[in-house]
Amino acid sequence: MQAISRRLGHQSQISSFKSIYPLSDHLYGADHPRYGSTLATRGVGHLIRKGTGGRSSVSGIVATVFGATGFLGRYVVQQLAKMGSQVLVPFRGSDDDPRHLKLMGDLGQIVPMKYNPRDENSIKAVMAKANVVINLIGRDYETRNYSFEELNHAMAGQLAMISKEHGGIMRFIQVSCLGASASSPSRLLRAKAAGEEAVLREMPEATVMKPAVMIGTEDRILNRWAHFTKKYSFLPLIGDGSTKIQPVYVVDIAAAIIAALKDDGTSMGKVYELGGPEIFTVHELAELMYDVIREWPRYVKVPFPIAKAFATPREILLNKLPFPLPNPKMFNLDEINALTMDTVVSEN
């Protein structure tokens with residue numbers, strides 16, 4: 001009886017729907033207001049928008065996302081695809097690197113494109129069809145092949161210059177780091193500051209995002225601490241753990257980038273510092289990590305001079321040995337230098 005009642009109720013709903021919306025051809029067309037796009041992309045100008053605003057619609061955004069295979073990249077690509085944008089994903093490694101991104105959109109929506117970041121023609125090719133460029137390129141350690149200055153400064157300036165010559169790039173978003181400054185003790189942060197200046201010099205209408213330390217499922221701070229703790233049963237605290245940081249959830253950073261694309265252009269030419277709602281010391285954040293992994297907190301406080309002594313040999317030998325050195329896990333000289341200063345959002 002219950003099944004019959006449900007079926008009769010379903011038929012009555014269909015009948016009432018037919019009486020309100022007569023089944024005609026124009027009902028299912030894109031012209032019907034019910035099927036109009038709800039996506040507000042005023043900031044990207046006269047872009048074509050079709051569909052309901054989801055993955056199967058067309059937002060009109062064709063975005064080239066440099067650094068899309070990194071930590072933040074997967075969340076930016078996911079949110080772009082979710083609103084019906086086409087995403088061009090330049091990559092320089094193996095064909096498997098962007099494989100996880102293709103599942104985030106409809107067929108043909110995520111387009112991996114192999115390129116050489118040192119070849120200007122290769123960069124122009126991956127940017128040719130785009131009207132939005134997002135630069136997420138960055139790395140918190142140096143290798144024999146790529147220095148901080150080349151990755152964070154030279155490449156950012158080159159992308160901005162090519163975007164300017166392109167003529168059809170309506171929005172350029174440069175992702176930097178909170179604390180980036182020409183006077184920072186960290187080479188990475190100095191290079192990031194130089195990259196911001198290079199981008200704004202070429203494209204004054206670009207938007208610069210400066211996120212704090214990002215946390216999330218694949219982050220490189222809490223995960224690294226947890227792995228080290230599980231392996232060695234203690235965590236080295238650089239300095240005394242009193243350095244203040246303002247960690248921010250990676251999904252919120254991706255949402256901020258999308259919000260800048262969807263606004264009416266008010267974010268163009270602006271610099272935004274993006275921090276989380278709370279300020280932690282390194283020690284307080286480590287306490288949270290220990291609570292989550294259910295381990296008894298054990299710390300070894302390592303003064304800054306000793307931590308730098310541990311980290312310096314890799315920096316000295318990096319370009320002198322004929323083979324690559326392992327990536328630093330805990331004792332990264334540039335990170336140690338950055339930890340000598342608090343990294344929080346400024347008052348303004």
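So here's what we get for this one:
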{"read-out": "Failed criterion for K82 (all others in (1) basic (K, R); (2) within 28 Å of V213 (Cβ to Cβ); (3) crowded, with 16+ Cβ neighbours inside 10 Å hold)", "value": "(3)"}
{"read-out": "Qualifying residue in region 218-233 (condition: among the charged types (D, E, K, R) and touching a Lys or Arg at 6+ places or on another chain (Cβ under 9 Å))", "value": "yes"}
{"read-out": "From A198, A182, A206, A191, residue being closer than 16 Å to L333 by Cβ, of a type in the set (G, A, S) and out of contact with any Cys (no Cβ under 9 Å at 6 or more places or on another chain)", "value": "A191"}
{"read-out": "Test: residue in region 316-333 that is closer than 18 Å to K192 by Cβ and under 20 Å from the mean Cα position of the chain (by Cα)", "value": "no"}
{"read-out": "Total residues in region 51-73, condition under 18 Å from F172 (Cα atoms), within 9 Å of the chain's Cα centre (by Cα) and open to solvent by 20 Å² or more (accessible area, probe 1.4 Å)", "value": "1"}
{"read-out": "Selection status of I123, open to solvent by less than 60 Å² (accessible area, probe 1.4 Å), of a type in the set (A, V, I, L, M, F, W, C), free of Cβ contacts under 8 Å to residues at least 40 places away in the same chain and closer than 24 Å to Y75 by Cβ", "value": "yes"}
{"read-out": "Unmet criterion (only one of (1) of a type outside the set (D, E); (2) assigned to a loop (DSSP other than H, G, I, E, B); (3) modelled with pLDDT of 95 or more) for V133", "value": "(2)"}
{"read-out": "Single match in A254, A286 (criterion: closer than 29 Å to A198 by Cβ, in contact (Cβ under 8 Å) with a residue 12 or more places away in the chain and surrounded by 13 or more Cβ atoms within 10 Å (Cβ to Cβ))", "value": "A254"}
{"read-out": "Residue that is modelled with the lowest pLDDT, among those in region 136-182 that are among the hydroxyl-bearing types (S, T, Y) and touching a Lys or Arg at 6+ places or on another chain (Cβ under 8 Å)", "value": "Y146"}
{"read-out": "Residue under evaluation K308, criteria (1) over 18 Å from G216 (Cα atoms); (2) touching a residue at least 40 places away in the same chain (Cβ under 8 Å); (3) not polar (S, T, N, Q), criterion not met", "value": "(2)"}
{"read-out": "Region 228-241, subset touching a residue at least 12 places away in the same chain (Cβ under 8 Å) and not in a loop (DSSP other than H, G, I, E, B), residue surrounded by the most Cβ atoms within 10 Å (Cβ to Cβ)", "value": "I238"}
{"read-out": "Single condition G168 does not satisfy, out of (1) at negative phi; (2) surrounded by 19 or more Cβ atoms within 10 Å (Cβ to Cβ)", "value": "(2)"}
{"read-out": "Long-range neighbours under 9 Å by Cβ, at least six apart or interchain, first residue closer than 13 Å to G67 by Cβ within region 96-113, second open to solvent by 60 Å² or more (accessible area, probe 1.4 Å) and among the basic types (K, R)", "value": "L101/R74"}
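The values are calculated or read from the model by the stated rules, or taken from the named source; none is laboratory data. Note that the coordinates shown come from a computational prediction; the quantities given were computed from them, not determined experimentally. Don't worry about glycine lacking a Cβ; one is built from the backbone with ideal geometry, like all the others, and counts go over all protein chains shown. Areas reflect the complete protein model, heavy atoms only, side chains present, ligands, DNA and RNA absent. Shrake-Rupley method; radii C 1.70, N 1.55, O 1.52, S 1.80 Å.
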